[in-house]
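The values are calculated or read from the model by the stated rules, or taken from the named source; none is laboratory data. Everything numeric here is computed off the predicted structure, so don't read it as measured data. Here the Cβ positions follow ideal geometry from the backbone for every residue, glycine too, while neighbour counts run over all protein chains shown. Side chains are part of the model used for accessible areas, which takes the heavy atoms of the whole protein and leaves out ligands, DNA and RNA. Shrake-Rupley method; radii C 1.70, N 1.55, O 1.52, S 1.80 Å.
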Amino acid sequence: MILFKETAALKKHLKTLKEQHKEIGFVPTMGALHEGHISLIKSARENTDIVICSIFVNPTQFNDPKDLEKYPVTLDQDILLLEENQTDILFFPSVKEIYPDGKDLKTPYALGYIETILEGAARPGHFQGVAQVVDRLLAIIEPDTVFMGQKDYQQIMVIRKMIELKKYPVEIFSAPIKREISGLAISSRNMRLTEQEKKDASAIYTSLLFIKENYGKLSIHQLQKRAAEMLTNSGFHKIDYIAFADVATLNPITEYQPKQKIIILIAAFMDEVRLIDNLICDV
Ligand code: AMP
């Protein structure tokens, strides 16, 4: 694996690879790598010639400075994991390298409805920061495909919108959510939970399964109420949302409609750690 900290050197290397008509697969991450990230690396390995991973804890997407401060950094371990999984290139730039002219966004991205709901509503400015960093990374790397996790479902929709706005010739590969045996969606934030909290946190997945099982049998309101009870009884003290939405648009669903493909999305706090998860529901 070749490591790059500087954009200029990376671009020079990529130019040579592109002259050899290599297909570039890109996996953007914030590090503290786990099986979820590795599943993206594996998908990239299977589908492209050159796998490039970036590790950059992006300051512009943290609306809560404490969250940024506490974000885990495990670079040595990340490098080993990436090496073990046949990553070709690691790009781990400094903040200055990504934001040489400062972090302010001159013109906000016209993301529209998608940034006003769910994660967008709970974390103001978050998706502008996500769009900004992925835009900059895509401009540097110019990959053929970017590999992203369905765990951050709304994030993929935001990136799709940004790519459309900027007309980048890049495909998005959306990878399924990797889970612990308990069902808990693997996340870098899980490192901040105790073993007991991790067990309790699997209630998010249990409640998603409960909703999927009973969608169409109970009303959406009843399902939300029951799921909220399940979460509260397992130690989630604050629930940001238990949302039902159209899978293609994320428009809210308030009533069961047969044959409509929906997604259920949950965000809730276990202690100070905010966890998100989702499940697609085909009926
Ligand atoms: P992050 O480092 O949290 O910004 O995540 C980097 C990428 O990994 C994003 O595309 C995430 O959606 C994806 N990812 C995070 N957790 C998982 C998971 N459990 N399964 C699959 N992909 C994931």
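Condition check for Gln77 on (1) within 17 Å of the chain's Cα centre (by Cα); (2) free of Cβ contacts under 8 Å to residues at least 60 places away in the same chain; (3) within 20 Å of Ser187 (Cα to Cα): one failure, at (1). Here Arg189, Arg160 are screened, and the one residue that is within 13 Å of the ligand (Cβ to nearest atom), among the charged types (D, E, K, R) and surrounded by 17 or more Cβ atoms within 10 Å (Cβ to Cβ) is Arg189.
Given the options Ile117, Ile156, Ile98, Ile89, name the one that is among the hydrophobic types (A, V, I, L, M, F, W, C), at pLDDT 95 or above and more than 30 Å from Phe269 (Cβ to Cβ).
On the way: Ile117 fails: more than 30 Å from Phe269 (Cβ to Cβ); Ile156 fails: more than 30 Å from Phe269 (Cβ to Cβ); Ile98 fails: more than 30 Å from Phe269 (Cβ to Cβ).
Answer to the check: Ile89.
Please go through the stretch 202-254 and pick out each residue that is among the charged types (D, E, K, R), surrounded by 14 or more Cβ atoms within 10 Å (Cβ to Cβ) and more than 24 Å from Ser174 (Cα to Cα).
Step one: of the stretch 202-254, the residues among the charged types (D, E, K, R) are 212-213, 217, 225-226, 229, 238, 240, 246.
When the remaining residues are screened for being surrounded by 14 or more Cβ atoms within 10 Å (Cβ to Cβ), the result is 212, 226, 240, 246.
Listed by number, the residues that qualify are Arg226, Asp240.
The conditions of being among the small types (Gly, Ala, Ser) and away from the ligand (no atom under 16 Å from the Cβ) are not met by Ala44.
If we keep just the residues of the stretch 1-37 that are in a helix (DSSP H, G or I) and in contact with a Lys or Arg (Cβ under 8 Å, 6 or more places away or on another chain), which is surrounded by the fewest Cβ atoms within 10 Å (Cβ to Cβ)? Let's see the steps before the verdict.
Within the stretch 1-37, the subset in a helix (DSSP H, G or I) is 7-19, 35-37.
If we keep only those that are in contact with a Lys or Arg (Cβ under 8 Å, 6 or more places away or on another chain) too, we end up with 35-36.
Details: Glu35: 12, Gly36: 20.
Once the filter is applied, the top-ranked residue is Glu35.
When the stretch 132-157 is filtered for residues that are touching a helix residue (DSSP H, G or I) at 6+ places or on another chain (Cβ under 8 Å) and farther than 26 Å from Arg179 by Cα, the ones remaining, listed by number, are Gln132, Val133, Asp135, Arg136, Leu137, Leu138, Ile140, Ile141, Glu142.
Would you be able to say whether some residue in the stretch 170-181 is without any contact (Cβ under 8 Å) to a residue 12 or more places away in the chain and charged (D, E, K, R)? No: the stretch 170-181 contains no residue that is without any contact (Cβ under 8 Å) to a residue 12 or more places away in the chain and charged (D, E, K, R). Among the conditions (1) in contact (Cβ under 8 Å) with a residue 24 or more places away in the chain; (2) away from the ligand (no atom under 16 Å from the Cβ); (3) open to solvent by 40 Å² or more (accessible area, probe 1.4 Å), the only one that Asp152 does not satisfy is (2). Here Phe173 meets each of (1) open to solvent by less than 40 Å² (accessible area, probe 1.4 Å); (2) of a type in the set (A, V, I, L, M, F, W, C); (3) not in a helix (DSSP H, G or I) with one exception, condition (1). Exactly one condition in (1) at pLDDT 95 or above; (2) surrounded by fewer than 20 Cβ atoms within 10 Å (Cβ to Cβ); (3) under 23 Å from the mean Cα position of the chain (by Cα) is false for Val273; which is it? Against the list (1) at pLDDT 95 or above; (2) surrounded by fewer than 20 Cβ atoms within 10 Å (Cβ to Cβ); (3) under 23 Å from the mean Cα position of the chain (by Cα), Val273 comes up short only on (1). Screening the stretch 47-72 for residues that are at pLDDT 95 or above and in a helix (DSSP H, G or I) and picking the one that is nearest to the ligand (Cβ to nearest atom) gives Gln61. Of all the residues in the stretch 92-123, those that are in a helix (DSSP H, G or I) and either open to solvent by 70 Å² or more (accessible area, probe 1.4 Å) or among the hydrophobic types (A, V, I, L, M, F, W, C) (or both) number 8.
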